[in-house]
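One structure is given below, encoded as structure tokens.
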Amino acid sequence: MVKQFQLYRWLRFVFLLVTGILIVIEPIRSLNIIIYLVSGYIAIYGILSIMDGIGIRKKTGDTNIAIGLGVGALILAAAIPIVARLIVVLVPPVLGIILLVNGINQFRDSHETKKQVNITPWLDYFYSALLMIAGVMFILQPPKMIIFVYQLFGIGLILLAFFEIVNSRLYRN
């Protein structure tokens, strides 16, 4: 069980590190590769889960959820290449609308609070302005903004990969 846990941890580390580096270095070209990497990662996870489930069934004779999760992961891995491109196209405008609406609501709430407290909430106004600007940028310049956010996501994945290694060392024994 512990070896299997370490195997999953190393699988996550390799996936996170490779994906993060690809995103940071080549955000535009890496999208298709990342889609297939995610699909492959989920497929490998599904296969390992099925193997775990079969191993548990042989040892104990009990039916467990690992086999069902593995089959579900394989189905998801097959669906990801088909569905991912549709979702990626919709993210920037939808996120832009959400940010714009939140910025307007933040400004309105800050203005209402000003009437009750009699203090001008400059930081709230600044925050709401940033939200509205980001929302408009996502709506008007979706490719540039999605690449920027995508690269930030890549940096986050690289950091998560190193946290996996640290945790692997901590929990080794």
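Can you confirm whether Gly103 is closer than 27 Å to Ala161 by Cα, small (Gly, Ala, Ser), in contact with a helix residue (DSSP H, G or I) (Cβ under 7 Å, 6 or more places away or on another chain) and buried (at least 17 other Cβ atoms within 10 Å of the Cβ)? Considered against the rule, which asks whether it is closer than 27 Å to Ala161 by Cα, small (Gly, Ala, Ser), in contact with a helix residue (DSSP H, G or I) (Cβ under 7 Å, 6 or more places away or on another chain) and buried (at least 17 other Cβ atoms within 10 Å of the Cβ), Gly103 comes out as no.
For segment 21-38, filtering for residues that are in a helix (DSSP H, G or I) and of a type in the set (D, E, K, R) leaves 0. The residue pairs whose first member lies in segment 145-171 and is closer than 9 Å to Leu16 by Cβ, whose second member is surrounded by 13 or more Cβ atoms within 10 Å (Cβ to Cβ) and basic (Lys, Arg), and whose beta carbons are closer than 9 Å, counting only pairs six or more residues apart or on different chains, are Leu160/Arg12; Ala161/Arg12; Glu164/Arg9; Glu164/Arg12.
Restricting attention to segment 130-148, the residues that are in a helix (DSSP H, G or I) and either modelled with pLDDT of 80 or more or of a type in the set (Gly, Ala, Ser) (or both) total 13. As a summary of the residue check, Ala79 satisfies the conditions (1) modelled with pLDDT of 90 or more; (2) more than 30 Å from Pro142 (Cβ to Cβ); (3) out of contact with any Ser or Thr (no Cβ under 7 Å at 6 or more places or on another chain) except for the one numbered (2). Suppose we keep only residues that are without any contact (Cβ under 8 Å) to a residue 12 or more places away in the chain and among the β-branched types (Val, Ile, Thr) within segment 49-71. Which one would you say is nearest to Tyr8 (Cα to Cα)? So the residue we want is Ile56.
Screening segment 15-59 for residues that are among the polar types (S, T, N, Q) and modelled with pLDDT under 85 and picking the one that is farthest from Leu74 (Cα to Cα) gives Ser30. It is to be established whether one or more residues within segment 125-144 are free of Cβ contacts under 8 Å to residues at least 40 places away in the same chain, over 25 Å from Ile21 (Cα atoms), over 28 Å from the mean Cα position of the chain (by Cα) and surrounded by 14 or more Cβ atoms within 10 Å (Cβ to Cβ). The answer is yes; a qualifying residue exists.
Might you check whether a residue that is surrounded by 17 or more Cβ atoms within 10 Å (Cβ to Cβ) and touching a helix residue (DSSP H, G or I) at 6+ places or on another chain (Cβ under 8 Å) occurs anywhere in segment 2-10?
The initial filter retains those residues of segment 2-10 that are surrounded by 17 or more Cβ atoms within 10 Å (Cβ to Cβ), namely none.
No, that holds for no residue.
The values are calculated or read from the model by the stated rules, or taken from the named source; none is laboratory data. Keep in mind that this is a model prediction, so the values were computed, not measured. We place every Cβ from the backbone using ideal geometry, glycine too, and count neighbours over all the protein chains shown.
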